[in-house]
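These notes are about the structure you will find just below.
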Amino acid sequence: MTTFKKIAVIGAGTMGSGIAGQIANAGLEVLLLDIPGEGSANERAEQAVERLIASEPPALVHKRCANNIKVGNTRDDFAQLQDVDWIVEAIVERLDIKKELYARLNDTIKDTCIVTSNTSTIPISLLVESMPVEFQQRFAITHYFNPVRYMRLLELVRGEHTHPDVIAKLADFNDRVMGKGVVQCGDTPGFLGNRIGVFALQVGIDEAIKTGIPIEHADALMGRPMGIPKTGVFGLYDLIGIDLMADVVRSLRSILPEGDAFHAVGAENALINSMIDKGFTGNKGLGGFYHSIDGVRQARDLATGAYREAIAQLPDRAVLAAAAQAEQQEALVNLIEGNDQDAMFCRHVLGRVLGYAASLLGDVTDSPQAIDDAMKLGFNWIRGPFEMIDALGATTVATLLEELDQPVPAVLTRGAPFYQSVKGELKVTHADGSKNPIDLPQGVVRFHLLKQTLKPIASNRAASLYVIDDDYRLIEFHSKANALTDESMAIVQQCAEDHGRGILVHNDAQHYSAGVDLNAFLGYIDNDDFAGMDAFLHRFQLAVKALKYTPVPVVGAPSGLSLGGGFEVLLHCDALVVHSNSVMGLVESGVGVLPSGGGVKETYLRWYMNSGNWEEAAWKTWMNIGYGASGSSPEISAKLCYYDEVRDETVINRDRLYTAALKKLKALAPGYKPPTESLIMLAGGDCIDQMTAFMDKGIASGDFYPHDKTVAMHIANVVCHEKGESTAVTEDDLYARERENFVKLAQTPQTRARIHHVLHVGGALRN
């Protein structure tokens, strides 16, 4: 495995500090330099590290990672660069300043040191045009995406003289050590991600103006239904910063060739410029396309520029297509059927964006996969443009372009799909018509691609069961947000019976699972069907119990959010192989209920194994679950007993989860014996009294609300004996206590209000 012993980052702005932070997350030391400050010489780099520590979401997997970042300045500490192996330049996007830095580096660094730039706008040919060939051979562009910890894409760009070994070393290091999906790009304007991603955003704005649909409709349609993050276009502008996006658009406009389709949507926008001038730069400013006034959400009218009350009701087309997307049915076809305003918006957006991507094939890259990877890894699209073309059909996309009087790229006239399974191997058709195997580094597996070569042995709308490598099984959840339902757990139950040699619980969606479907619980409450609710919880418990005691090993391999009921499935696995960015926890108390899929039971058992004391285990469990605690990394989750640093493993590149988890599963299989049920004691003593006093004090100080105490004491009732006596119970007894207390809470109007608020208003309700 490639590694660098000494690494430096020059430039402590948002990107430079983020790159340094991810190097620190990987457990490596890094030197972070910036120009001398007006106060202390190192203040710019020091402040950057402070921002990393305080950032939300956390830029560091643990705050102690900041100790891996050594700070300095380019006046006093430049000589430290003379024995560095790799230097990342992330300074201001000015060619003259970058050239001055490179000349200075050339006089200082050793002749084996690799230098890369994080630029996204300046061609590599201009960056190094005045540098010696020996320097150019060791120079490349490493374009990371912000925030660096969470955005998976690295665009790796070689220059005319860049040595192939340099590219290979950078690609391997960024894959295995930095956790990136590396897409190698030519030195073309905007590379791949920004060129298509920003074009798509601009098309969304342009078509919203032309068709006259409200921005809420545009975001609802050009969001989850298209497999694009739910922010859509205008919400993403607000999130990134309208002023920053305007600068990105200007930059692309300045570097893209004349005649490029981007120029039709990349001109100055009077409304956007006016908003920026008045401080409406998005979430960080006074507001943006969206704004909240006295708690009421407002949205801009694109025709007048004025705010109006936001439309709460989403278009039916968007709701149906989003549901189809989640259930792996054909959502895109649903979006473009018909001639109403919303359908025309979708037809025009998809036609222009997919047509643009197709027009770049053979020009900026020969590989559809490179473009698809750039959009999936850099912009969190569920499918890349060419996967979307396959879903719609190239003929349909050609028709959309003809409706717009736009030329149809030749690659859309070939008829065959871009991705095909050929004798059990997935192949992609390149610009020249050749069919090539999917190009991924050894050990990298993306299950959404692999499963195109597999046929599930069982499947429904929420989950599927596959036979993988040498008669092992894989459970994949694939409902909306991977929320668990009866159908999800039916697949878990079936797999526990048809288990093969071992079971892997995994998917490569953005989030493993956000928990059990709250809509189902609200339905039970509104129908006064608490017997039905109890029966659902019982079926869930039977499924996870069967998983725990199945005669073969079970390994969970989550990434993203692993919360609530989704995490309860993982708690019943023999071991976990976890992505370093996984958020794990039991958060049910926030909606007025408690974990009832064995989550309280398993947390209690883990804390007892940790301490050997049932009363201490009860208190720790109560605090975990009462606060709805979650860990934003495996290391933090370990402090909650949700991750075992001896038994479980962490993988920094989520594309390597599948391979690492399968390796773990195969290691556990020989001679495997399922766990035996342990004797469990309900905590006695004065636990209940201590918990009651704690909640009363919190209510008196204003830290808690009355229903917080109600929820907390129901959690206590699961693990504590109400009479203060230590009493032996079975796992089934604890399952029953979970269900009993869940159903009692669900019958309170306060819990119903919390669930309704999360589903239909947004955010947590305190009552």
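Between the stretch 94-160 and the stretch 407-446, how many Å separate their Cα centres? Cα centroid to Cα centroid, the span is 31 Å. Computed from backbone phi with θ = phi - 60° and the Karplus coefficients 6.51, -1.76 and 1.60, the 3J(HN,Hα) list for the stretch 232-239 is x, 9, 6, x, 5, 4, 4, 5 Hz; x is used for glycine and proline. With neighbour counts taken as other beta-carbon atoms within 10 Å, the residues Val743, Val761 rank, fewest first, as Val761, Val743.
Separation of the stretch 533-553 and the stretch 331-360, taken as the distance between their Cα centroids, equals 43 angstrom. Exposure proxy for Ile636, Ile242: other Cβ atoms within 10 Å of each Cβ, ordered fewest to most, give Ile636, Ile242. In terms of its alpha-carbon gyration tensor, the stretch 7-185 comes out oblate; a/c meets the 1.5 threshold, while b/c is at least as large as a/b.
Couplings 3J(HN,Hα) for the stretch 613-625, derived from phi with the Karplus relation 6.51 cos²θ - 1.76 cosθ + 1.60 (θ = phi - 60°), are 10, 5, 5, 5, 4, 5, 5, 4, 4, 4, 5, 3, 7 Hz, where x marks Gly and Pro.
Given the stretch 7-185, what percent of its DSSP beta bridges are antiparallel, to the nearest 5? Please list the in-between numbers first.
Values: 5 of 30 bridges.
So the antiparallel bridges in the stretch 7-185 amount to around 15 percent.
Listed by Cβ neighbour count within 10 Å, with the fewest neighbours leading, Glu568, Glu93 appear as Glu93, Glu568. What the phi angles of the stretch 15-26 give under the Karplus curve with 6.51, -1.76 and 1.60, with θ = phi - 60°, is a coupling list of 6, x, 5, x, 5, 4, x, 6, 4, 5, 4, 7 Hz, glycine and proline written as x. Computed from Cα atoms, the angle from the helix 316-326 axis to the main principal axis of the chain rounds to 80 degrees. Counting only aspartates and glutamates at least 8 places from Lys435 when in the same chain, those with an alpha carbon closer than 13 Å to its own are Asp366, Glu425. Computed from Cα positions, the angle between helix 749-760 and the longest principal axis of the chain comes to roughly 20 degrees. Amide H to amide H, with H built 1.01 Å from N, Gly685 comes under 5 Å of Glu725, Ser726, counting only residues 5 or more places away or on other chains.
Taking the Cα centre of the chain as origin and assigning +1 to Lys and Arg Cβ atoms and -1 to Asp and Glu Cβ atoms, the resulting dipole is close to 680 debye.
Proximity of backbone amide H atoms, modeled 1.01 Å from N, is registered between Val505 and Ile475, Val555, Gly556, Ala557 at under 5 Å, excluding neighbours fewer than 5 places apart on the same chain.
Centre-to-centre, using Cα atoms only, the stretch 1-56 and the stretch 227-246 are separated by 27 Å.
Ordering Met245, Met623, Ile97 by Cα displacement along the dipole of the chain toward the positive end leaves Met623 in first place; charges were set at the Cβ atoms of Lys, Arg (+1) and Asp, Glu (-1). The angle separating the long axis of helix 599-611 from the principal Cα axis of greatest extent in the chain is about 90 degrees. Close amide H partners of Val233, meaning residues 5 or more places away or on another chain with modelled amide H under 5 Å apart, are Asp219.
Every read-out reported here was derived from the displayed coordinates using simple, explicitly stated rules and does not represent laboratory data. All figures in this text were calculated on a predicted structure; none of them were measured in a lab. For neighbour counting, all protein chains shown are included, and Cβ atoms are generated from backbone atoms with ideal geometry for every residue, glycine included.
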